[in-house]
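Just so it is clear, none of the values below were taken in a lab; they were calculated from the coordinates. All of these numbers come straight from a predicted model, not from anything done at the bench. All Cβ positions, even for glycine, are placed from backbone atoms using ideal geometry, and neighbour counts span all protein chains on display.
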């Protein structure tokens, strides 16, 4: 067997190592404009990113811009808003920043290296602010339309409409603050006045109403869950000593007992009527079926548990037949 001399073997090994090193792909060179983005101006926002294609790189840059806007918004909201509203506003703002539409975005610099694309993207700040303002105005007008002619409505109908409007406020506040982050010169005082008016009217009506829940003997299983839902919504239950005439929620239940093997079944048909000033405001009918291997009483309780789940899933006003 032919053996290679030691010096030649070492030389050959070094040569192979050098050649192998030369064949390794070079890491991409990050352009200066990516490591140090241009400063945002009154008219343009900038963000850079990397992707497998130019389009993917641009989408990544816009996603990073949305995250940056949210970060700025979060700092501002945490500083100026009441603690009880911050989480809901930030939740909605996070969703909005992830789904922002950028009407005028441009790839101003593009560099391709190996299988990667590096881009610098600019976004027209004024166009983005205008798009955001138009969406905010449309959404606010839609919410305020719920309150047209509201004074002529029955109290529970008014409460339902104000409740729906009030639930939309967190998203509206998020849109407003996002608009201000995009364009700090935007005047938001008028929006705040309109938002506060909705919240004030909702709380005023909610805290002024008295409600009582009554029912026939078979409705006994449904009364307590409905009372708990009313209290959870912020309403006050009427007591015998109350001087103000309450709104009455009347429950009426029909039931039918049956068996399947060793299971006792209680089928219950619940009718919910809201009465105010001797008039029926709404009427809703629901059906529940409870089961128990032990007794019909426990089967009825199982039906009541399903009623609780219905309240939790769809909300008080749906169960009452107001929407």
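Each of residue 197 and residue 254 was given a label point 7 Å from its Cα along the Cα-to-Cβ line. The distance between the two points is 4.8 nm. Length gained on full extension, residue 146 to residue 305, computed as 0.36 nm times the residue gap minus the Cα-Cα distance: 54.0 nm. Using 1/(1 + (r/R0)^6) with R0 = 35 angstrom and r between the beta carbons of residue 206 and residue 71, what's the FRET efficiency to the nearest 0.05? Approximately 0.50, to the nearest 0.05.
Compared with the dominant principal axis of the Cα atoms in the chain, helix 125-144 is inclined by about 10°.
Normalising by residue count, the range 256-323 has a Cα convex hull of 86 Å³ per residue.
Hydrodynamic radius of the range 209-319 by the Kirkwood approach over all distinct alpha-carbon pairs: 14.7 Å. Output the 0 to 90 degree angle, nearest 10, between the alpha-carbon long axis of helix 155-167 and the longest principal axis computed from the alpha carbons of the chain. Between the helix axis and the principal axis of the chain, the angle is about 10 degrees. Between the alpha-carbon centres of the range 72-107 and the range 264-323 there is a gap of 39 Å. Residues 218, 32, arranged from fewest to most other Cβ atoms within 10 angstrom of their Cβ, appear as 32, 218.
Computed on the Cα atoms alone, the convex hull of the chain gives a volume of 282 cubic angstrom per residue. In plain terms, the residue of 72, 253, 106, 39 with the fewest other Cβ atoms within 10 Å comes first and the most crowded comes last, giving 39, 106, 72, 253.
When each of the peptides 285-292, 220-227 is scored by the mean number of other C-beta atoms lying within 10 Å of its residues, the order from highest to lowest reads 220-227, 285-292. Here each label is just a point 7 Å from Cα along the line to Cβ, and for residue 98 and residue 245 those points are 5.1 nm apart.
Between the Cα long axis of helix 169-182 and the first principal axis of the chain there is an angle of about 30°, rounded to the nearest 10.
DSSP bridge analysis restricted to the chain gives an antiparallel fraction near 85%, rounded to the nearest 5. Size descriptors for the range 41-124, from the alpha-carbon set: Rg then Dmax equal 15.2, 51 Å. Full extension of the chain segment joining residue 314 with residue 32 gains 96.1 nm, where the gain is 0.36 nm per residue of separation less the Cα-Cα distance.
For the range 128-207, just list the percent of Cα-Cα distances falling in each 10 Å bin from zero outward, please. The distribution over the range 128-207 is 18, 47, 25, 9, 1, given as percents.
The fewest-to-most ranking of 85, 191 by surrounding Cβ atoms within 10 Å reads 85, 191.
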